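This report refers to the structure that appears directly beneath it.
Every read-out reported here was derived from the displayed coordinates using simple, explicitly stated rules and does not represent laboratory data. Since the structure is predicted, the reported quantities are computational estimates derived from the model, not experimental observations. Glycine also receives a Cβ, built like all others from the backbone with ideal geometry; neighbour counts cover every protein chain displayed.
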Number of protein chains: 2
Amino acid sequence: MTDADPLAVLVRGIRAGDRRLLARAITLVESSQAGDAAEAREVLKRLGPGSDNGIRIGVTGAPGAGKSTLIDVLGRHATERGKRVAVLAVDPSSVASGGSVLGDKTRMVRLATLPDTFIRPSPTRGVLGGTTRHTREAITLCEAAGYDLIFVETVGVGQSEQAVASLVDSVLLVVLADAGDELSAIKRGLSEVTDIVVLNKADGERRARAELRAAELRTAARVGRAGRDTWQPPVVLTSALEESGIEELWAALAAHREHLEGSGRLRALRQDQRRAALSAALDAGLKDAFSRDQAVAAAYAAVEQHVLSGALSPNAGAERLLELFLDRARSG
Amino acid sequence: MTDADPLAVLVRGIRAGDRRLLARAITLVESSQAGDAAEAREVLKRLGPGSDNGIRIGVTGAPGAGKSTLIDVLGRHATERGKRVAVLAVDPSSVASGGSVLGDKTRMVRLATLPDTFIRPSPTRGVLGGTTRHTREAITLCEAAGYDLIFVETVGVGQSEQAVASLVDSVLLVVLADAGDELSAIKRGLSEVTDIVVLNKADGERRARAELRAAELRTAARVGRAGRDTWQPPVVLTSALEESGIEELWAALAAHREHLEGSGRLRALRQDQRRAALSAALDAGLKDAFSRDQAVAAAYAAVEQHVLSGALSPNAGAERLLELFLDRARSG
């Protein structure tokens with residue numbers, strides 16, 4: 001490879017922590033174009049298996065819960081403690097509307113101005129599976145660029161929260177301290193993937209009510225997790241406005257990390273994450289080989305037309321195309 | 001094919017409307033075993049493209065909203081009007097817990113005793129994509145067996161609701177008439193995929209409050225859909241207990257059907273559904289061919305071990321296995 005090889009430049013730039021080249025690599029990873037996807041795979045391959053030593057924190061919650069502002073404060077807290085902080089903001093929650101509900105990331109402006117931080121909004125419109133794979137690869141790229149604390153911000157509870165949980169080590173659920181609406185959803189979340197509950201905007205006159213809710217949620221947390229794990233999700237009251245509770249949240253994250261390491265759970269998590277990444281890479285590679293096949297490409301439109309018109313069943317159409325693909329591969 | 005061919009027996013049985021054989025075919029479709037999957041594909045292929053003439057209704061909502069009881073009443077209403085009714089109850093909402101939140105289907109006992117009905121609970125533990133494909137194929141099997149009204153019952157709002165919406169023609173969102181908690185979720189749902197909102201258990205002392213909520217939701221429905229579609233999601237008050245509102249709900253479904261047919265939207269929907277089915281069948285077929293490949297099978301465990309230990313990146317591991325697969329196919 002010569003110096004003129006653009007991928008070599010990219011790989012070297014990422015390793016050197018160049019934020020602009022890191023951003024470009026993530027764009028390749030997220031691209032739906034076949035050529036970009038092949039380049040992204042090559043970059044990831046050249047970067048190697050990676051250390052997997054980053055601390056990966058999922059931040060989830062309803063729109064308006066204050067996730068971005070909280071990450072802004074918490075991220076600055078972390079950089080003051082010598083961490084290099086990356087934020088990946090993904091939105092796999094809205095398929096039908098096709099839009100992003102992330103809003104702008106201006107609430108992270110203070111974090112964004114620091115030298116050791118990288119912030120990446122990824123308003124995606126694709127399916128959940130694709131988002132998950134792209135985010136997983138973006139995490140790998142950030143770690144290769146030397147970021148050791150990666151926040152993955154996502155909207156919503158349920159399927160998207162669970163998808164993010166499969167990528168990270170700790171899941172923070174951020175809830176408005178005075179939002180009465182979502183209590184049942186929080187309790188459901190507690191029994192699933194949440195590791196730490198944050199009651200945010202617990203300031204001023206909301207403080208007293210927040211403390212009552214915290215007590216209720218602590219009870220629910222004990223019940224929800226019973227028998228699954230020895231970890232008891234702590235409930236932390238924060239205010240990004242007053243910058244209160246950030247020390248406590250940082251301590252809760254450290255405690256969860258210690259729990260993961262001490263119990264051997266982190267090692268198991270990393271293996272699960274790598275197994276999922278292998279499986280996702282295989283799926284993507286298979287689809288890619290199929291879509292680049294000449295015989296398939298030549299026949300696809302006609303077969304699809306027959307399926308759309310109802311003349312051919314989807315399964316029969318798929319079988320016809322798969323035979324072309326496997327024969328084609330066989331004959332050369 | 002001789003009469004002893006078990007698949008021929010299955011295909012003939014399904015066409016004749018045999019509920020036991022229909023259930024067996026759905027079990028094949030849902031099976032994670034490679035042999036079963038191949039048989040399922042063969043059955044679907046032999047059944048042909050199908051008429052796609054069934055009316056497919058998604059019924060979604062939180063646990064406890066009364067979906068099953070409502071389907072029980074509505075389904076009987078439909079059979080009295082000459083419809084053959086199938087109910088597929090799927091639960092793609094819970095990945096982490098691994099459990100089903102469907103509960104038992106005893107609330108559909110009255111419907112289950114009728115001769116022209118078929119009820120199938122499918123508590124799945126897999127990923128969303130698999131569930132969607134299985135449900136799509138189960139719908140096809142039910143239609144091949146002569147069921148012309150197919151209810152797909154699912155839990156939750158968000159990703160799972162959207163997955164079901166891609167399979168059906170009309171989406172009913174069932175909400176407790178007096179559940180204050182979920183209003184924000186309902187309003188979100190309105191702007192996405194919901195076609196008809198049902199305020200259920202609107203009986204006794206809950207009736208007055210339900211009417212107030214209905215008025216509020218009707219306003220939200222007008223706002224949520226503005227510009228997307230000419231359909232205004234109606235809000236219907238029902239009580240399965242008092243069996244009230246069922247006529248209105250039936251009329252709302254008929255009106256939505258008329259809207260779909262009149263606007264050309266049904267034809268577009270069917271094409272979308274077929275395109276998605278082709279894509280899903282291709283994905284499944286590719287994975288199946290890969291997993292049945294001898295060279296891949298021989299190397300898989302060692303490559304996976306290298307990936308899990310961190311010695312090999314997931315992308316490099318995937319590339320190695322894909323090369324084996326494509327070479328293997330090439331050499332015959």
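For B:Leu7, the distances from its label point to the matching points in the remaining copies are 4.1 nm, ordered from shortest, with each point set 7 Å beyond Cα toward Cβ.
Over segment A:231-332, Cα pairs under 8 Å with separation of 6+ residues give a relative contact order of 16 percent. Sorted shortest first, the distances from the B:Asp288 label point to those of the same residue in the other copies are 2.5 nm; each point sits 7 Å from Cα along Cα-to-Cβ.
Cross-link check: pairs B:Lys45/B:Lys287; A:Lys45/A:Lys67; B:Lys45/B:Lys67 evaluated at a Cα-Cα cut-off of 25 Å; pairs beyond the cut-off: A:Lys45/A:Lys67; B:Lys45/B:Lys67. Which of B:Ala297, B:Ser279, B:Leu260 sits closest to the plus end of the dipole of segment B:260-309, meaning its Cα is farthest towards the positive end, when Lys and Arg get +1 and Asp and Glu get -1 on the C-beta? About the Cα centre, the residue reaching furthest to the positive side is B:Leu260. Here's the list of aspartates and glutamates a cross-link from A:Lys83 could span, going by alpha-carbon distance under 16 Å and ignoring same-chain residues fewer than 8 apart: A:Asp52, A:Asp72, A:Asp116, A:Glu143, A:Asp148, A:Glu247.
Using Cβ point charges alone (K and R +1, D and E -1), the dipole size of segment A:233-310 about the Cα centre works out to roughly 500 debye. Looking at segment A:198-275, which GluC sites (Glu not before Pro) are in a loop (DSSP not H, G, I, E or B) and have at most 14 other Cβ atoms within 10 Å? Answer by residue number: A:Glu242, A:Glu243. So which trypsin sites (Lys or Arg not before Pro) in segment B:200-305 end up in coil per DSSP with only 12 or fewer other C-beta atoms within 10 Å? Listed in order of number, the matching sites are B:Arg228, B:Arg292.
FRET efficiency for the A:Val109 to B:Ala16 pair, using the beta carbon distance and R₀ = 60 Å, is estimated at 0.35.
Can you give the log10 of the normalised intensity I(q)/I(0) at q = 0.19, 0.23 Å⁻¹, computed with Debye over equal Cα scatterers of segment A:18-73? Per q value, in the given order, log10 I(q)/I(0) is -0.89, -0.96.
Placing a label point 7 Å from Cα along the Cα-to-Cβ axis, B:Arg110 is separated from the same position in the other copies by 6.1 nm, shortest listed first. Distant-in-sequence amide contacts of B:Phe151, defined by a placed amide H-H separation under 5 Å and a gap of 5 or more residues or a different chain, comprise B:Ile57, B:Ala86, B:Val87, B:Leu88.
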